[in-house]
1. Any chance the range B:107-123 includes a residue that's basic (K, R), outside the structural domain of B:K11 (by TED's automatic domain parsing) and over 23 Å from the mean Cα position of the chain (by Cα)?
2. Considering only residues of the range B:5-22 that are more than 8 Å from DNA strand C (Cβ to nearest atom) and in contact (Cβ under 8 Å) with a residue 40 or more places away in the chain, which is surrounded by the most Cβ atoms within 10 Å (Cβ to Cβ)?
3. Between A:L59, A:L28, which is within 16 Å of DNA strand C (Cβ to nearest atom), touching a Leu at 6+ places or on another chain (Cβ under 7 Å) and more than 10 Å from chain B (Cβ to nearest Cβ)?
4. Can you tell me which residue within the range B:31-56, out of those that are closer than 27 Å to A:L108 by Cα and loosely packed, with under 13 Cβ neighbours inside 10 Å, is nearest to the other protein chains (Cβ to nearest Cβ)?
5. Considering only the range A:116-133, I want to know if a residue exists there that is more than 28 Å from B:K12 (Cβ to Cβ) and in contact (Cβ under 8 Å) with a residue 12 or more places away in the chain.
6. What number of residues within the range B:57-70 satisfy the criterion of being surrounded by fewer than 13 Cβ atoms within 10 Å (Cβ to Cβ) and under 22 Å from A:T122 (Cα atoms)?
7. Return the only residue of B:G14, B:G81 being within 14 Å of another protein chain (Cβ to nearest Cβ), of a type outside the set (K, R) and away from DNA strand D (no atom under 11 Å from the Cβ).
8. Looking at the range A:31-56, which of its residues are within 8 Å of DNA strand C (Cβ to nearest atom) and touching a helix residue (DSSP H, G or I) at 6+ places or on another chain (Cβ under 6 Å)?
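The values are calculated or read from the model by the stated rules, or taken from the named source; none is laboratory data. These numbers were taken from a predicted model, which means no experiment stands behind them. Here Cβ is always computed from backbone atoms with ideal geometry, including for glycine, and neighbour counts include all displayed protein chains.
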Protein chains: 2
Amino acid sequence: MIDYKVGEVAKKVGINVETLRYYEKIKLMPKPKRKESGYRYYDDLDLKRLHFIKRAKELGFSLKEIKELLGLKIESTATCGDVKHLSEHKLEDIRKKINDLKNIESVLIKLINQCLCEAVSTDECPILEVIDSDIIE
Amino acid sequence: MIDYKVGEVAKKVGINVETLRYYEKIKLMPKPKRKESGYRYYDDLDLKRLHFIKRAKELGFSLKEIKELLGLKIESTATCGDVKHLSEHKLEDIRKKINDLKNIESVLIKLINQCLCEAVSTDECPILEVIDSDIIE
DNA sequence: ATTGACTCCGTACCATACTACGGGGCTTAT
DNA sequence: ATAAGCCCCGTAGTATGGTACGGAGTCAAT
């Protein structure tokens, strides 16, 4: 449970200091504790959260969606049903993404193999075969 | 090979007309043929391309990356090596995405099961277990 | 032939997600 | 104790990816 200053966190995670402050402002990150100096201090859980945010963005989630994912927790039996509902919804979404990415994956593999076989040139975009793979409609 | 007008295309694909013009401007979509009126006319391949663009965005690719994916084609033996190289790079990228999404998937499944078992409430964010799943570092 | 719906174009505006700036305070090493 | 290198804050600017506006031409049905 070491205390990290903004700059250290930014460097470790690979974002910059302003982004960190921005995430705090939009409540994607909790307010960190401050010492007498007024400096922010972060812990390992914060780092974890930031790593997740960073990667989730690359996976196509908006900051709003990421906030929702991070908010999925059982806080009382009252919200348990909500959490379940929301999670199931997200799950479906994610499964579709996995499927579509797999389609793109297989088209790319095919394309790479064609390159190996000295295939003839074409005007068409091979990647559009993904559409015929039926998942993306 | 029906000819579709902008409005029809927009409706079919679920984007709006201005977006279509925007894609043309940034060269993500080719210039469509025009009739005497000056109206744009699109065909089924254009629709396919637009569907792909739409979904690829949702999968976390930027318009620039989508343009690259669409540009992956063997145009001559000269570019064949390039295409292979680029495709392999994209492939790696996509495989990582699939992996990370699978991790998120399994955490969500776990969470849903906890909801069913009337688990106790927690302050932590279950989704952060994804980080421990080792893929996201 | 005229009305309503659609299209044209350029330009301006918008939301999201940062990123930079600038004047000041804190901290740490010399 | 002083200077380099952090950090503070508010505010403004940027890039990406659209979205809206408005005046004019086109099309299709009555």
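1. In the first step, residues of the range B:107-123 are kept if they are basic (K, R); the result is B:110.
Narrowing the set further to residues that are outside the structural domain of B:K11 (by TED's automatic domain parsing) leaves B:110.
Add one more test, that the residue is over 23 Å from the mean Cα position of the chain (by Cα), and what stays is B:110.
The answer is yes, given that some residue of the range B:107-123 is basic (K, R), outside the structural domain of B:K11 (by TED's automatic domain parsing) and over 23 Å from the mean Cα position of the chain (by Cα).
2. It comes out as B:V13.
3. A:L28
4. Checking each candidate, the answer is B:D44.
5. Start the filter on the range A:116-133 by keeping residues that are more than 28 Å from B:K12 (Cβ to Cβ), which leaves A:116-121.
Restricting the remaining residues to those that are in contact (Cβ under 8 Å) with a residue 12 or more places away in the chain gives none.
No.
6. Of the residues in that region, 1 qualify.
7. Being within 14 Å of another protein chain (Cβ to nearest Cβ), of a type outside the set (K, R) and away from DNA strand D (no atom under 11 Å from the Cβ) holds for just one of B:G14, B:G81, which is B:G81.
8. Result: A:I53, single match.
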